[in-house]
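Asks: Quick one: structure below, then a few questions.
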Amino acid sequence: MTTATNLLRAERIKLFSTRAPWWCLALALAAPLGFTALFFALAGPEIPPTVGNTQLASGNGRTVLVVLAILATAAEFNWGTMRLTFQAVPSRVPALLAKVVVVGAVGAGLGLLVGFGSWGLATLVNPDADLALHSGAEWRSVLGQSLVFLLAAVAGVGVALLLRSVAFALTAVLVWTQVLEAVVVFIPGAGKHIYQWMPFHAADQFVGAGGLGAGALQLPAAPLGPWGYLGYFAAICVALFVAGVLVTAKRDA
């Protein structure tokens, strides 16, 4: 218990000892909140003010969180601090678990702020809209951001462990989230069906933030329900982390 506490404390200190994580957290919160405020202030009557639509910009914050997770992990290989960590913890796995717990906890907290912050801000900007949390689906849209952000942080740590380079990991994640998932839907024939299985689309489906885009893109019926999509997204994120741990345990730091 003492060793685990010390590892968690060490990872917390390493995470917040530089300015980059603070800037990432500020941007991850400001981007979705700012977009939500503009969206509900300027949206016309053709766009319904729903609880799910208050979470449309959550993907922006989620992407920045993945960047934070990569910086917190891959930068240690670049600067050599990961080697020092492994000298103190030769088995390596406990140190990596402590890192993902700390980064995941930060992600979960950020998800709560983004979820409830976006919803609360939309309520203030458009007080006439019925945005009360009446149903379980509406609570899932807001509260579920905590789970989605936690899993996104786990995925970020996993990608960083696999690639061990800030530049490579950031390139891979940004190309995937900002380019590949955006253009795959336009592949003739199978594109819309492939898009249904994109990881971050799955995350949006769980929190109900993909309804507006699905209607505009005329997507076919979703192959999974919200909780099925969460399980699918979680399986991908955990698999990335487990693969990263296995690779790191066998390679030189």
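Asks: Using a Gaussian network for the chain with springs between C-alpha atoms less than 10 Å apart, which of these wobbles most: A190, A243, A222?
Replies: A190
Asks: Also: Show which lysines lie in cross-link reach of K14 when reach means a straight Cα distance below 24 angstrom and same-chain residues fewer than eight apart are skipped.
Replies: K14 reaches K99, K250.
Asks: Please give the peptides 43-52, 76-85, 22-31 ranked by average Cβ packing (other Cβ atoms within 10 Å per residue), highest first, as a rough proxy for protection.
Replies: Values: 43-52: 13.8, 76-85: 15.5, 22-31: 17.2.
Listed from highest to lowest mean packing, they are 22-31, 76-85, 43-52.
Asks: Summing Lys, Arg as +1 and Asp, Glu as -1, what charge do residues with Cβ under 12 Å from the Cβ of Q196 carry, Q196 excluded?
Replies: Values: positive: K192; negative: E181, D204.
Net charge around Q196: -1.
Asks: Using only the Cα atoms of the range 43-186, construct the convex hull and provide its projected area averaged over every direction, in square nanometres to one decimal.
Replies: With the hull built on Cα positions only, its mean projection is 10.6 nm².
Asks: Could you sort 122-128, 142-148 so that the peptide with the highest average Cβ count within 10 Å comes first and the rest follow in order?
Replies: Highest mean packing first, the order is 142-148, 122-128.
Asks: Tabulate in residue order the Karplus-calculated ³J(HN,Hα) for the range 84-100, using 6.51 cos²θ - 1.76 cosθ + 1.60 with θ = phi - 60°, rounded to whole Hz; enter x for Gly and Pro.
Replies: Result, rounded to whole Hz: 5, 4, 6, 5, 7, 10, x, 6, 6, 4, x, 5, 5, 5, 4, 4, 5.
Asks: Still on this structure, I have one more. Hey, got the Cα dimensions of the range 119-253 along the principal axes, in Å, largest first?
Replies: 59, 36, 26
Asks: Over 25 Å, how big is the tail of the calculated P(r) for the range 3-251, in percent of all Cα pairs?
Replies: When every Cα pair of the range 3-251 is considered, 44 percent fall beyond 25 Å.
Asks: Excluding A243 itself, what net charge comes from residues whose Cβ is under 14 Å from its Cβ, given Lys and Arg +1 and Asp and Glu -1?
Replies: +3
Asks: Within 12 Å, Cβ to Cβ, of L7, how many net charges do the neighbouring residues add up to if Lys/Arg are +1 and Asp/Glu are -1?
Replies: +4
Every number here is computed from the coordinates shown, using simple stated rules; none is lab data. These numbers come from a predicted model, not from an experiment. Cβ atoms come from the backbone with ideal geometry, glycine included; neighbour counts cover every protein chain shown.
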